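Below you'll find the structure, written out as structure tokens, and then a few comments.
Every read-out reported here was derived from the displayed coordinates using simple, explicitly stated rules and does not represent laboratory data. Keep in mind it's a predicted model, so treat the numbers as computed, not measured. Every residue, glycine among them, receives a Cβ derived from its backbone with ideal geometry; neighbour counts consider all protein chains shown.
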Amino acid sequence: MPVLKRLAFDLALAMLASPILIVKALRSAFRRSRFLAVAARASIGCACGRAVSLVGMWRCPCGFTYKGHLLTICPLCGSLPRMVRCYGCGVTTKLPEP
């Protein structure tokens, strides 16, 4: 395939893929901003109206216990919590994913 035809073909593919890539990037940025907004807070609200603290003593499923913010990556297993439980009513709230 001649160089100019190949260049034109690559340019056409880039033009067709650009809107899809932009939508994917915007969706990823929105999800990341939701995660960072929760990670910056000290507490979140529960459905029952109580505030659920995100700062305190936490235990990872691997057994590691740490003091600090809930949305901290475990240094042993690398996991991140997916939900938090209200100690008043027992309802679990799903946390946004990074």
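Just going by the charge dipole of the range 1-87, with Lys and Arg at +1 and Asp and Glu at -1 on Cβ, which of Ala8, Ala37, Tyr87 is farthest out on the positive end?
Tyr87
Report the charge-dipole magnitude of the chain in Debye, nearest 20, computed about the Cα centre from +1 at each Lys and Arg Cβ and -1 at each Asp and Glu Cβ.
For the chain, the charge dipole is close to 120 debye.
Explain nothing, just compute: Karplus ³J(HN,Hα) = 6.51 cos²θ - 1.76 cosθ + 1.60, θ = phi - 60°, for every residue of the range 53-58 in order, whole Hz, x for Gly and Pro.
Values per residue, Gly and Pro as x: 6, 9, 10, x, 9, 10 Hz.
So which trypsin sites (Lys or Arg not before Pro) in the range 13-98 pass both tests, a DSSP loop state and at most 12 other Cβ atoms within 10 Å of the Cβ?
Sparse-neighbourhood loop trypsin sites (Lys or Arg not before Pro): Arg82.
Could you tell me which label, among [x] 9.8; [y] 5.6; [z] 11.2, carries the value of mean projected area of the Cα convex hull in nm² calculated for this structure?
Step by step, mean projected area of the Cα convex hull in nm² for this structure corresponds to label [x].
Give a residue-ordered list of calculated ³J(HN,Hα) values for the range 30-41 (Karplus: 6.51 cos²θ - 1.76 cosθ + 1.60, θ = phi - 60°; whole Hz; x for Gly, Pro).
5, 4, 5, 5, 5, 5, 5, 5, 6, 5, 8, 8
Cα to Cα, under 28 Å, and not fewer than 8 places away if on the same chain: which lysines meet these conditions relative to Lys24?
Here the lysines satisfying the reach criterion relative to Lys24 are Lys94.
From the backbone phi of the range 73-88, what are the Karplus-calculated ³J(HN,Hα) couplings (6.51 cos²θ - 1.76 cosθ + 1.60, θ = phi - 60°) in whole Hz, Gly and Pro given as x?
5, 5, x, 8, 10, x, 8, 10, x, 9, 8, 9, 10, 7, 7, x
Pairs of alpha-carbon atoms within less than 8 angstrom and 6+ residues apart define the contacts here; what relative contact order does the range 3-94 have, in percent?
It rounds to 16 percent for the range 3-94.
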